[in-house]
Amino acid sequence: MLILVINPGSTSTKIAVYDYAKPILLRSIAHTADELSRFDEVTDQFEFRKQIVVNELHHMGIPFEFKAVIGRGGLAKPLEGGVYEINQQMLDDVRQAIHKHACDLGCIIAHEIARDIPGCRSFIADPGVVDELNDYARISGSPQMPRICIWHALNQRAIARRFANEIGRRYEDLNLIVCHMGGGISIAAHEHGRAVDANNALDGEGPFSPERAGSLPAADLIRLCFSGEYTEQQLLKRIAGKAGLTAHLGTNNMKELEQRIANGDKHAQLVVDAMIYHVAKHIAAESAVLCGKIDAILLTGGMARSEYVVQRLRKRISFLAPTYCYPGEDEMGALAQNALDVLRGQVVAKIYQ
């Protein structure tokens, strides 16, 4: 039972093929800034990225006999967690979405490849706009700007379920705080299988990260917008892309920054320690969401590989609950498993509308 997994990221396209739950192909194809600069919009990259997927499969001799193609979900609109069958409404919404990200291409490419294969179905699962927030979590100080969440739902849920399985419990029976630390940092309170609070890790909420600004002083941001010094696109880049560690230190590479710190770079140490401080503070804030009833705190994402980061985080948050570390992410395996669960009849794919 072959399952094709497609995960487009900002600077790469990840491809995997699974036979049932066994991976038989795992590839990550990097894209240079020059390659992507010729496209005005992310969705304009569709044919370019699709052809890369097709060419790689042909090159590796993988037959186009897939039972399912599952793509990383886009940022079209808030929806419940779970697996969704791709339909025309989803494709239309993704192309018109306000929030633009390479993940929007996941469902488009998956649908295009699947429709040419007899009996093949196409899905997405747990996109970054999964919204299970409590109603009062949506209220901000301005009626015009309600809180929304854009977070690493797929990996957070996969890690939460993995932890639950390891301790012989059900994810739906646990209270967890999960912190994904990558180019962006998302922190969510998982209460009995629902993420009842999570930050907007893309657009400017929560701690700053290697590439994103996190929460900023609102009045100062407004003044910057009206200063006449920057275009709208330049300012948006100062929120996500050229912000966080990149803006302060010129790089988003934690290994490089750890080496700079080891070599005595005090400014690098100050900024990295400040990021860790803000991550810890926001993790602690989620403990209030769960009324202090926390079974565990789970750290995941690429930065969870950094002993420098993890040790300093543990020092600040270990009093809240036992803390476990799951370095990296397993989005490809999580996507494949979601598709397999539907094909086996263990999960019913939801209808996107």
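The values are calculated or read from the model by the stated rules, or taken from the named source; none is laboratory data. These figures come from a predicted structure and were not determined experimentally. Cβ: placed from backbone, ideal geometry, glycine included. Neighbour counts: every protein chain shown. Each accessible area value is taken on the protein alone, full model and side chains, heavy atoms only, with ligands, DNA and RNA left out. Shrake-Rupley method; radii C 1.70, N 1.55, O 1.52, S 1.80 Å.
List every residue pair whose Cβ atoms lie under 6 Å apart, where the two residues are 6 or more positions apart in sequence or sit on different chains, the first residue falls within the stretch 167-193 and is closer than 17 Å to Tyr326 by Cα, and the second residue, located anywhere, is at pLDDT 95 or above and of a type in the set (Ser, Thr, Tyr).
Pairs found: His180/Ser186; His180/Thr300; Gly184/Ser209; Ile185/Ser209.
Does at least one position in the stretch 3-16 carry a residue that is open to solvent by 30 Å² or more (accessible area, probe 1.4 Å), assigned to a strand (DSSP E or B), in contact (Cβ under 8 Å) with a residue 24 or more places away in the chain and under 15 Å from Ala339 (Cα atoms)?
The answer is no; no qualifying residue exists.
Could you check the stretch 272-315 and list, in sequence order, the residues that are over 20 Å from the mean Cα position of the chain (by Cα) and not in a helix (DSSP H, G or I)?
Selection gives Leu290, Cys291, Gly292, Lys293, Ile294, Asp295, Ala296.
If a residue must be of a type in the set (A, V, I, L, M) and either surrounded by fewer than 14 Cβ atoms within 10 Å (Cβ to Cβ) or outside any helix (DSSP H, G or I) (or both), how many such residues does the stretch 255-271 contain?
2
In the stretch 282-312, what residues are free of Cβ contacts under 8 Å to residues at least 60 places away in the same chain and either of a type in the set (Asp, Glu) or under 22 Å from Gln269 (Cα atoms) (or both)?
Within the stretch 282-312, Arg305, Ser306, Glu307, Tyr308, Val310, Gln311, Arg312 meet the criteria.
Within the stretch 129-145, how many residues are assigned to a loop (DSSP other than H, G, I, E, B) and either open to solvent by less than 80 Å² (accessible area, probe 1.4 Å) or among the charged types (D, E, K, R) (or both)?
7
Right, Glu80: open to solvent by 10 Å² or more (accessible area, probe 1.4 Å), over 26 Å from Gln346 (Cβ atoms) and of a type in the set (Asp, Glu) or not?
no
Would the stretch 21-39 turn up any residue that is over 21 Å from the mean Cα position of the chain (by Cα), touching a residue at least 40 places away in the same chain (Cβ under 8 Å), on the phi > 0 side of the Ramachandran plot and open to solvent by 30 Å² or more (accessible area, probe 1.4 Å)?
Checking the stretch 21-39: not a single residue is over 21 Å from the mean Cα position of the chain (by Cα), touching a residue at least 40 places away in the same chain (Cβ under 8 Å), on the phi > 0 side of the Ramachandran plot and open to solvent by 30 Å² or more (accessible area, probe 1.4 Å).
With the condition kept exactly as written, say whether any residue in the stretch 276-294 is modelled with pLDDT under 95 and either within 30 Å of Ile167 (Cβ to Cβ) or open to solvent by less than 20 Å² (accessible area, probe 1.4 Å) (or both).
No.
Has the stretch 189-201 got at least one residue that is in contact with a Cys (Cβ under 9 Å, 6 or more places away or on another chain) and either over 22 Å from Ala102 (Cα atoms) or among the basic types (Lys, Arg) (or both)?
For the stretch 189-201, residues in contact with a Cys (Cβ under 9 Å, 6 or more places away or on another chain) and either over 22 Å from Ala102 (Cα atoms) or among the basic types (Lys, Arg) (or both): present.
Against the conditions (1) open to solvent by less than 30 Å² (accessible area, probe 1.4 Å); (2) in contact (Cβ under 8 Å) with a residue 60 or more places away in the chain; (3) over 18 Å from Ala201 (Cβ atoms), where does Tyr324 fall short? Just the number, please.
Among (1) open to solvent by less than 30 Å² (accessible area, probe 1.4 Å); (2) in contact (Cβ under 8 Å) with a residue 60 or more places away in the chain; (3) over 18 Å from Ala201 (Cβ atoms), the lone unmet condition for Tyr324 is (1).
Any chance the stretch 59-75 includes a residue that's under 30 Å from Ile148 (Cα atoms), in a helix (DSSP H, G or I) and either touching a Leu at 6+ places or on another chain (Cβ under 6 Å) or open to solvent by less than 70 Å² (accessible area, probe 1.4 Å) (or both)?
Checking the stretch 59-75: not a single residue is under 30 Å from Ile148 (Cα atoms), in a helix (DSSP H, G or I) and either touching a Leu at 6+ places or on another chain (Cβ under 6 Å) or open to solvent by less than 70 Å² (accessible area, probe 1.4 Å) (or both).
In the stretch 333-350, which residue that is among the hydrophobic types (A, V, I, L, M, F, W, C) and either part of a loop (DSSP other than H, G, I, E, B) or open to solvent by 20 Å² or more (accessible area, probe 1.4 Å) (or both) is farthest from Val178 (Cα to Cα)?
This residue is Leu343.
Considering only the stretch 88-110, state which residues are open to solvent by 10 Å² or more (accessible area, probe 1.4 Å) and either more than 22 Å from the chain's Cα centre (by Cα) or of a type in the set (Gly, Ala, Ser) (or both).
Gln88, Gln89
Go through the stretch 111-131 residue by residue and tally those that are within 18 Å of the chain's Cα centre (by Cα) and closer than 12 Å to Leu4 by Cα.
2
Can you confirm whether the stretch 136-152 contains a residue that is within 23 Å of Gln51 (Cβ to Cβ), within 17 Å of the chain's Cα centre (by Cα) and β-branched (Val, Ile, Thr)?
No, the stretch 136-152 has no match at all.
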